[in-house]
Amino acid sequence: MPKIYVNREFTLQLGGEKRLFTVGNHSVDAETAKHWYVLAHIGDEPAVDPDTSAAADALLAELDARAHKLQKLEDQVAEREKAAAARETELAQREDAVAEREKAADNADQAAAGKAKPTK
């Protein structure tokens with residue numbers, strides 16, 4: 001099977017069958033490879049420039065490093081949010097305890113004031 005490189009996307013209807021050819025390499029039968037419409041849309045595969053490839057690899061490495069750093073920061077934020085939630089819960093418990101003590105103190109004051117009043 002011949003391999004072709006499609007430069008521009010096209011659709012070919014051959015033998016009652018419609019085929020979509022996207023940009024890139026394709027393996028096709030000899031009849032399809034020699035079809036005039038296919039020949040109008042194919043060409044040589046672009047050469048890979050080593051400088052471009054190296055630059056792309058460097059950019060990917062930088063992207064990976066930044067993604068790793070971002071993940072670390074996200075983990076730190078999650079830990080801080082968890083700690084803040086724990087502090088909020090603890091503070092709410094303390095506030096409830098203080099409110100109960102104040103209520104108990106008020107009740108004790110009222111009871112003491114009630115006992116101190118002479119009854120007639």
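Here, each number is a calculation from the coordinates, and none is a lab measurement. Model, not experiment: these values are computed from the prediction. In this analysis, Cβ positions are derived from the backbone assuming ideal geometry, glycine residues included, and neighbour counts consider all displayed protein chains.
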Practice task
Towards the positive end of the charge dipole of the chain, with charges on Cβ (+1 Lys, Arg; -1 Asp, Glu), say which of Ala113, Ala30, Met1 has the farthest Cα.
Solution key: Ala113
Fill in the blank from the handout: Env charge @ Leu59, Cβ radius under 13 Å, K,R +1 / D,E -1, value -3
Practice task
Using only C-alpha positions, report the orientation-averaged shadow area of the convex hull of the chain, nm², one decimal.
Solution key: 18.8
Exercise for the section: Under 1.5 on a/c is rounded, so check that first for segment 54-120, then, if it is not, pick prolate when a/b is larger than b/c and oblate when it is not; a ≥ b ≥ c are the square roots of the alpha carbon gyration tensor eigenvalues. Expected result: prolate
Practice task
Please state the charge dipole magnitude for the chain, taken about the Cα centre, from unit charges on C-beta atoms (+1 on K and R, -1 on D and E), reported in debye and rounded to the nearest 20.
Solution key: 800
Exercise for the section: Sum -39500 (n - 2.57) across every DSSP H segment of at least 4 residues in the chain, then divide by the residue count to get the 222 nm mean residue ellipticity, nearest 500. Expected result: -22500 deg cm²/dmol
Practice task
Quick one: net charge around Val98, please, counting Lys, Arg +1 and Asp, Glu -1 for every other residue with C-beta under 15 Å from its C-beta.
Solution key: -3
Problem - Distance in nm between pseudo-label sites at Glu31 and Ala86 (7 Å out along the Cβ direction from Cα) - result: 7.3
Handout entry: Size of segment 15-68 as Cα extents on the principal axes (Å, biggest first)
Key = 52, 22, 15
Practice task
Check the straight Cα-Cα distances from Lys103 and name the aspartates and glutamates below 15 Å, setting aside those fewer than 8 residues away within the same chain.
Solution key: Glu95
Practice task
On a 0 to 90° scale, report how tilted helix 50-116 is relative to the longest principal axis of the chain, with both axes built from alpha carbons and the result rounded to the nearest 10.
Solution key: 20
